[in-house]
Amino acid sequence: MTEPQHERYGIRKAVDFPTRDKSLPTRDLLVVPHRGKKLTASYPTFRPNTFDKNVAEMQRAYTHSAELPQITFREPTTSQSVSIANYRFGSDSEVDAKRDIFDPKWLQAGRIVRTKQGVIVNPILDAQGNVVLNQGDLEAIKTNARKIEVGNGHIYLGDKDFGFAEYTTFQLGIQDSDTFAQGGLARIVEHTEGLAVNLKAISSKQNYPNGVNIWSFEIPKEPIERVLGLYSDWSLVSGRLNVNGDGWGGWGDDGFAFGVR
């Protein structure tokens, strides 16, 4: 028998229990669908702060229930952030990322690296936990990834949601939802060979009648690490989705980030 929808996904409230460690703050959980499985995230988001500080908060110890007396979180991949954000997006329900995150602030969707040739999402870390920025190492990583032709170029999809999109695979500037979701940037953010269905749903005409604006993806002289930002264009009363490639880990103290278990 299939589980009822309300039992499979949604908020899992933290509850008190006799042996609870009172020194640990409680944390609710949000269960959402992700690639045919369940993904558990912090609820609400870690916010508002810089991405680096939000990640530090994720790594603290929390408590949820007798079944989960001590839990921690880690930073999400971009595809995980998109799956969580898309859950009941724009529905004006108890969980609504458009109303609570995209409209008032911005979602720190995950780490990216801008290079001369294209954009990397969920970059590989070295032994010390630092993002790999050496151009030679970045090229070596691509050789172990799946190569997919998109438009006038290629995207690459590897392990741990690693993705690389050549600049020729996606458009910059204002565009409609279909163009955005079919482009290489959306595909690597969602880590899919085909249409980025979650980003298409988020950027739909119902949510953003004025389309999508992809900006701040200037080509750097050397690889630079950034944070991908998703948010509503406030000047248009949430009429357009902004996809920003120039967020900094230590800058922008009004960002929200999901932590995943």
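Where a number appears in this text, it was derived from the coordinates with a stated rule and is not lab data. Computed from a prediction, not measured in an experiment: that's the story for all the values here. No Cβ is skipped: glycine too gets one built from the backbone with ideal geometry, and neighbour counts run over all protein chains shown.
Side notes on the structure shown:
- Taking 0.36 nm per residue of sequence separation and removing the Cα-Cα distance, the S91/W251 pair yields an extension gain of 54.6 nm.
- Calculated Kirkwood radius over Cα pairs in Å (choose from (1) 18.9; (2) 20.7; (3) 20.0), label: (1)
- The charge dipole of the range 147-261, taken about its Cα centre with unit charges on the Cβ of Lys, Arg, Asp and Glu (plus for the first two, minus for the last two), comes to roughly 240 debye.
- Note on F256, F217, F170: ascending count of other Cβ atoms within 10 Å places them as F217, F256, F170, the fewest first.
- Those trypsin sites (Lys or Arg not before Pro) in the range 136-215 that DSSP places in a loop and that have at most 12 other beta carbons within 10 Å: K205
- Set K13/K105; K160/K205; K142/K205 screened for pairs whose C-alpha atoms are more than 29 Å apart: K160/K205; K142/K205
- If you plug the beta carbon distance of E225 and L195 into 1/(1 + (r/R0)^6) with R0 = 25 Å, you get a FRET efficiency near 0.35.
- With loop membership from DSSP and a limit of 14 other Cβ atoms within 10 Å, the longest segment of the chain without GluC sites (Glu not before Pro) is 95-192.
- Difference of contour (0.36 nm per residue) and Cα-Cα distance, K142 to D126: 4.2 nm
- R74-A61 pseudo-label distance in nm [points 7 Å out on the Cα-to-Cβ vector]: 1.9 nm
- Cα-centre dipole for the chain with unit charges at Cβ (Lys and Arg positive, Asp and Glu negative), debye to 20: 380 debye
- Restricting the trypsin sites (Lys or Arg not before Pro) of the range 14-79 to loop positions (DSSP other than H, G, I, E, B) with no more than 12 neighbouring Cβ atoms within 10 Å leaves K22, R35.
- Whole-Hz Karplus values for the range 13-21 come out as 5, 5, 10, 7, 8, x, 9, 4, 6 Hz, taken residue by residue from phi with 6.51 cos²θ - 1.76 cosθ + 1.60 and θ = phi - 60°; glycine and proline positions read x.
- Counted charge near A196, where neighbours are those whose Cβ lies closer than 14 Å (Asp, Glu -1; Lys, Arg +1): -2
- When the helices of the chain are scored as -39500 (n - 2.57) per DSSP H run of n ≥ 4 and the total is divided over every residue, the value at 222 nm lands at -4500 deg cm²/dmol.
- In terms of surrounding Cβ atoms within a 10 Å radius of their Cβ, R114, R261 rank from fewest to most as R261, R114.
- 11 Å reach of a label modelled at T179, 7 Å along Cα-to-Cβ, counting backbone N of the range 185-226: 211-214
- Phi to ³J(HN,Hα) by Karplus 6.51 cos²θ - 1.76 cosθ + 1.60 over the range 191-200, Hz, x for Gly, Pro: 6, 9, 6, x, 4, 7, 5, 5, 5, 5
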